[in-house]
Amino acid sequence: MRGNDKVSGVWMARKSSPKKENEFIFVIAGQDESSVSIEAEKVVDGLLEPGQRATGLFKADGGEVSAAEVLDELRTVPFLTERRVALIKGADDFISRNRPILEKYFENPCATGVLVMTVGNWDARTRLAKMLPGAGRLISVTEPKRWELPGRLIRYADDAYGKSLTKEAAETLVELSGDNLGQLYTEIDKLAVFIGDEKVITHNHVESLIGHNRLFGVFDVIDAVVAGDKAGALNRLRAMFAGDKSEEYKVVGAFAYHFRRMFNARVLLEDNVRPDEIATQLRIWSNRDGFFAQLRKVTLKQLGAGLKRLAAIDYAIKTGRARPQVVMEQFVLKLAGG
């Protein structure tokens, strides 16, 4: 069954397994907040129909709600639904503050209420953790490896929209948008609307909707670099950041994507493959002349070194060791200096 229910700004697939006997408590644990949140919404979708949410769902932040409020909600007689669901997000502190009360509730949960809690960590040594299997279920959400992301996106596009996302399109999306799963799902949502009645999301769709402006910006920066215009390169880079303030890491992805394509094209060029064949093979549809003009001014060694530096930059940004705009300006200045 496919769902058309928009939850928290994301169209979700309603494919969670139904509630089993004696499952009155769900704990969803994981470090990636967006992935945990998505899993929590799937659980709620499996417990309530869309029209039942208004009367059957109570949602609260774990840092702002009391145990008494949550238990009152769970024990309230359901109205127009079989059960009431209390979803407590970020419940680590909530659990720590109310451990004795929750232990009593785990012993005797309400038969018409389901408690769903999301946490960053779930300590298996605690009494609550040992009691949980008797009252419900632990769902551990592990952050997917980068190589697993395209497969996740392909399944999401099919589950949520009945759209086929090609492997190449999924890989391009990861390259251009980074590896935050929640953010990537949002990009799929945009693409599904973008292609309308079409059934297949292709590489061209991804590049047109997600990557066009960023790739155009990268091209402009590199054009200034190969022309020896350091100031122009920096100004164009700063314009990219100004236009994408909320997602600075995507600028790094766009550079890596462009450099990887240039590297592959340079390898083929040195193997005496004709430019028109290279363009077809690497799907270089726009500004071919400009692309090959840039390519002839850089060496394979320079492109390889650039890719290595971009990988190091990506790691430094994700580990909080560098600010995206500062480190990318240093990258561009180093490129301009040869």
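Data overview
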quantity: Residue satisfying condition, being at pLDDT 80 or above, aromatic (Phe, Trp, Tyr) and under 20 Å from residue 325 (Cβ atoms), within set 255, 194, 216; calculated: 255
quantity: Residue that is surrounded by the fewest Cβ atoms within 10 Å (Cβ to Cβ) [pool: residues in region 256-291 that are of a type in the set (A, V, I, L, M, F, W, C) and free of Cβ contacts under 8 Å to residues at least 24 places away in the same chain]; calculated: 273
quantity: Single residue of region 319-338 satisfying the filter (among the polar types (S, T, N, Q) and modelled with pLDDT under 90) that is farthest from the chain's Cα centre (by Cα); calculated: 325
quantity: Checking residue 96 against (1) surrounded by 17 or more Cβ atoms within 10 Å (Cβ to Cβ); (2) out of contact with any strand residue (DSSP E or B) (no Cβ under 6 Å at 6 or more places or on another chain); (3) of a type in the set (Ser, Thr, Tyr), the condition it does not meet; calculated: (1)
quantity: Residues satisfying the stated conditions in region 15-42, i.e. modelled with pLDDT under 85 and either closer than 17 Å to residue 110 by Cα or in contact with a Pro (Cβ under 7 Å, 6 or more places away or on another chain) (or both); calculated: 19, 20, 21, 22
quantity: Among the candidates 81, 118, 112, residue that is in contact (Cβ under 8 Å) with a residue 12 or more places away in the chain, touching an Asp or Glu at 6+ places or on another chain (Cβ under 9 Å) and more than 23 Å from residue 130 (Cα to Cα); calculated: 81
quantity: Failed criterion for residue 139 (all others in (1) crowded, with 19+ Cβ neighbours inside 10 Å; (2) touching a Ser or Thr at 6+ places or on another chain (Cβ under 9 Å) hold); calculated: (2)
quantity: Meets criteria (at pLDDT 85 or above and either under 19 Å from the mean Cα position of the chain (by Cα) or within 23 Å of residue 314 (Cβ to Cβ) (or both)) for residue 140; calculated: yes
quantity: Test: residue in region 144-153 that is surrounded by fewer than 19 Cβ atoms within 10 Å (Cβ to Cβ) and more than 24 Å from residue 318 (Cβ to Cβ); calculated: no
quantity: Residue list for region 173-198, restricted to those being more than 11 Å from the chain's Cα centre (by Cα), closer than 20 Å to residue 311 by Cβ and not aliphatic (A, V, I, L, M); calculated: 175
quantity: Candidate set: region 43-68, residues that are surrounded by 13 or more Cβ atoms within 10 Å (Cβ to Cβ) and within 14 Å of residue 94 (Cβ to Cβ); chosen: the one modelled with the lowest pLDDT; calculated: 63
quantity: Residue within region 118-131 that is surrounded by fewer than 20 Cβ atoms within 10 Å (Cβ to Cβ), more than 30 Å from residue 317 (Cβ to Cβ) and not assigned by TED's automatic domain parsing to the domain that holds residue 23 present; calculated: no
quantity: Residue count for region 44-91, restricted to those that are closer than 20 Å to residue 119 by Cα and either outside the structural domain of residue 112 (by TED's automatic domain parsing) or of a type in the set (A, V, I, L, M) (or both); calculated: 15
quantity: Enumerated helices (runs of 4 or more DSSP H) restricted to region 265-318, each holding at least 1 residues that are in contact with a Phe, Trp or Tyr (Cβ under 9 Å, 6 or more places away or on another chain), at pLDDT 85 or above and closer than 14 Å to residue 222 by Cα; calculated: 288-295, 300-318
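Here is a yes/no grid of residues against (1) in the same structural domain as residue 254 (by TED's automatic domain parsing); (2) among the hydrophobic types (A, V, I, L, M, F, W, C); (3) farther than 24 Å from residue 255 by Cβ:
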residue: 164; (1), (2), (3): no, no, yes
residue: 167; (1), (2), (3): no, no, no
residue: 170; (1), (2), (3): no, yes, no
residue: 176; (1), (2), (3): no, yes, no
residue: 182; (1), (2), (3): no, no, no
residue: 187; (1), (2), (3): no, no, no
residue: 191; (1), (2), (3): no, yes, no
residue: 195; (1), (2), (3): no, yes, yes
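The values are calculated or read from the model by the stated rules, or taken from the named source; none is laboratory data. Fair warning: this is a prediction, and the values are worked out from it, not measured in the lab. Positions of Cβ are backbone-derived with ideal geometry, glycine not excepted, and every protein chain shown enters the neighbour counts.
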